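Since the structure comes first, as structure tokens, the remarks are kept for the end.
Only the coordinates and a few stated rules stand behind these numbers; no lab work does. This one's a predicted model, so the numbers in the text were calculated from it and none came from an experiment. All Cβ positions, even for glycine, are placed from backbone atoms using ideal geometry, and neighbour counts span all protein chains on display.
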Amino acid sequence: MIQGALFDLDGVIADTSVYHFQAWRALIQTNFHKKLPDELEQRTKGVSRADSLQAILDFLQIDVPQKQFEQLMIEKNQLYLQSLEQLQPKDTLPGIVALLEALQAQKIKIALASASRNAPTILAKLQLTDYFAAIADPAQVQAGKPAPDIFLAAAQGIAVAPKDCIGIEDSIAGIQAINAAQAFSVGVGSAQELGAADLLVDDTSQLKLDIIQTQFAK
Ligand code: B16
Ligand code: MG
């Protein structure tokens, strides 16, 4: 029986992953006059701010001193925060509030396992904070996704064994992290990218608790 639900945020609860990549694109355009290809978006999904920047710079074969690296991260976050200004409860992705309600009705504990340091701000803007019994702090875990740490921390936050939890993710790194934590992975996206998920849906409107429970019990 499912006892805990561990949610990713960007790309699962809200479509903020789009804003992340827009911010990276604008940053790189301004600072290096280069256009990032679409393929880099998936590689930066679920991955920490520093790891995302490193992946982008590696792709562009650009080396920067540590001080500039930190300045670029600050600049990216400023751009990202600007795009969050307009975020409202109606921007919660389809089916998410219904799923949170269904989980709560069945007394399944809910935790957040996002790599984003902006996650508490986003949950507050969407007026969803009260559903979450725990929010794992990405600054406190040793390794980011695809390591299991943030999902283990989220499960610990609600005092449920990871094997009794589902984890919901839209990124390759995130599905790998859930699987490594030995929780049941639910992917939102394409089989091409998230084929390693225990259960896959096309979009968040298909995240139905009864279907997830049936698959979890198998
Ligand atoms: P921040 P998630 C992740 O959130 C994003 O998918 C990823 O693109 C971003 O780099 C990371 O958070 C860090 O975000 O810069 O706001 O700390 O998908 O794990 O909810
Ligand atoms: Mg995500």
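Each residue in LYS208, LYS145, LYS35, LYS45 was given a count of other beta-carbon atoms within 10 angstrom of its own, and listing them fewest first yields LYS35, LYS208, LYS45, LYS145.
Between the beta carbons of THR121 and LYS67, assuming R0 = 41 Å, the FRET efficiency works out to 0.95 to the nearest 0.05.
Taking 0.36 nm per residue of separation and subtracting the Cα-Cα distance, full extension of the segment from GLN29 to ALA98 would add 20.9 nm. With a cut-off of 13 Å between beta carbons, the residues surrounding ASP198 carry a summed charge of +1, where Lys and Arg count +1 and Asp and Glu -1. For LYS34, the lysines whose Cα falls under 18 Å of its own Cα, not counting residues fewer than eight places away in the same chain, are LYS76. Averaging 1/r over each pair of different alpha-carbon atoms in the chain and inverting the result gives 17.5 Å, the Kirkwood hydrodynamic radius. Extension gain, ALA105 to GLN22, is 26.2 nm, computed as 0.36 nm per intervening residue step minus the present C-alpha separation. Which angle between 0 and 90 degrees, to the nearest 10, do you get for helix 66-84 versus the longest principal axis of the chain when only C-alpha atoms count? Helix 66-84 sits at roughly 60 degrees to that axis.
On full extension, the segment bounded by ALA217 and GLN192 gains 6.5 nm, given 0.36 nm per residue less the C-alpha separation.
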